[in-house]
Amino acid sequence: MKKFWNWVKNETSETRTLYLDGAIAEESWLGDEISPKQFKSELMNGKDDITVWINSPGGDVFAASQIYNMLMDYKGKVTVKIDGIAASAASVIAMAGGEILMSPVSMLMVHNPMTGAFGDTEEMNKAIDLLNEVKECIINAYELKTGLSRSKISNLMDAESWMNAKKAVELGFADGILFDSNAEDTLPENDGLIFSNAAVTKSVLNKLQCKQPVKTGLQIENLDKRLELLKY
């Protein structure tokens, strides 16, 4: 079994570091009961504070949920450090940190859960209901950490929002920036940047609407559909 995690122990201080590098449960987790048991066994093989380094594009939301729960239940202090990217399911795991620190060149991304489905309309509706429930579960973790309203978090997820370190701190998804001891004192309000697919789409539509000549007869309400065709 190929593991997507790795523990490193400092023999001098007895502290431990967990590295989550790459996709979460890319090869094995669900359907293989050894994986969750092994992860939990390795996590509980000590009582001291731990540091969790994350550089992951995400992956299996259910695996991420279990890891989140295990880290939240851990008796020692859990410090999360994001050195590259914590996207999708990896951002859920990051929320388990009692303190979340981001590299000044890292990013955090939140979006709606996705799945594949096959069948009739009844099966499609079941898949939609499942995705809605999974989203509510994910919002629980974000809300607990950030204190943002559920509607605000839902909107961020709808837009597939990418946050740099400053914006993540500003919104409460992170507590500080690595390598900058004065980050909290020098961070101006609303200084961070956020990127979302929804914002880009809206911006393009607005520009097209302003530049579109009336004589062409093109209806602005059709631009959404045309833009979607361009994206695929």
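The values are calculated or read from the model by the stated rules, or taken from the named source; none is laboratory data. Please read all numbers here as calculations on a predicted model, not as lab measurements. Backbone-built Cβ (ideal geometry, glycine too); neighbour counts: all protein chains shown.
Working carefully through the options Thr146, Thr121, find the one that is closer than 24 Å to Ala96 by Cβ and among the β-branched types (Val, Ile, Thr). Show your work before the answer.
Details: Thr121 fails: closer than 24 Å to Ala96 by Cβ.
Answer to the check: Thr146.
I'd like the residue in the range 39-83 that is in a helix (DSSP H, G or I) and of a type in the set (A, V, I, L, M) and, out of all such residues, is surrounded by the fewest Cβ atoms within 10 Å (Cβ to Cβ). I'd like the intermediate steps shown before the answer.
Our first condition is that a residue be in a helix (DSSP H, G or I); within the range 39-83, this holds for 39-43, 61-73.
Add one more test, that the residue is of a type in the set (A, V, I, L, M), and what stays is 43, 61, 63-64, 67, 70-72.
Details: Leu43: 20, Val61: 21, Ala63: 23, Ala64: 27, Ile67: 28, Met70: 17, Leu71: 20, Met72: 14.
Only one residue fits best here, namely Met72.
Given Ala199, Ala174, which one is closer than 24 Å to Ala90 by Cβ, modelled with pLDDT under 95 and aliphatic (A, V, I, L, M)?
Values: Ala174 fails: modelled with pLDDT under 95.
Ala199 is the lone residue from the list that is closer than 24 Å to Ala90 by Cβ, modelled with pLDDT under 95 and aliphatic (A, V, I, L, M).
Report the residue count in the range 80-109 for those that are in contact with an Asp or Glu (Cβ under 9 Å, 6 or more places away or on another chain) and at positive phi.
Qualifying residue count for the region: 0.
Residue pairs, Cβ under 8 Å, 6 or more apart or interchain, first in the range 52-76 and free of Cβ contacts under 8 Å to residues at least 40 places away in the same chain and acidic (Asp, Glu), second assigned to a loop (DSSP other than H, G, I, E, B) and surrounded by 18 or more Cβ atoms within 10 Å (Cβ to Cβ). List them.
Correct list of pairs: Asp60/Ala25.
Scan the range 158-170 and report the pairs whose first residue is outside the structural domain of Ser106 (by TED's automatic domain parsing) and within 14 Å of Leu101 (Cβ to Cβ) and whose second residue is among the aromatic types (Phe, Trp, Tyr) and in a strand (DSSP E or B), with Cβ atoms within less than 8 Å and a gap of 6+ or a chain change.
none
Of all residues in the range 110-157 being among the small types (Gly, Ala, Ser) and free of Cβ contacts under 8 Å to residues at least 12 places away in the same chain, which is surrounded by the fewest Cβ atoms within 10 Å (Cβ to Cβ)?
Taking the range 110-157 and keeping what is among the small types (Gly, Ala, Ser), we get 116-117, 119, 127, 141, 147, 149, 151, 154.
Narrowing the set further to residues that are free of Cβ contacts under 8 Å to residues at least 12 places away in the same chain leaves 116-117, 119, 149, 151.
On the way: Gly116: 5, Ala117: 12, Gly119: 10, Ser149: 11, Ser151: 9.
Checking each candidate, the answer is Gly116.
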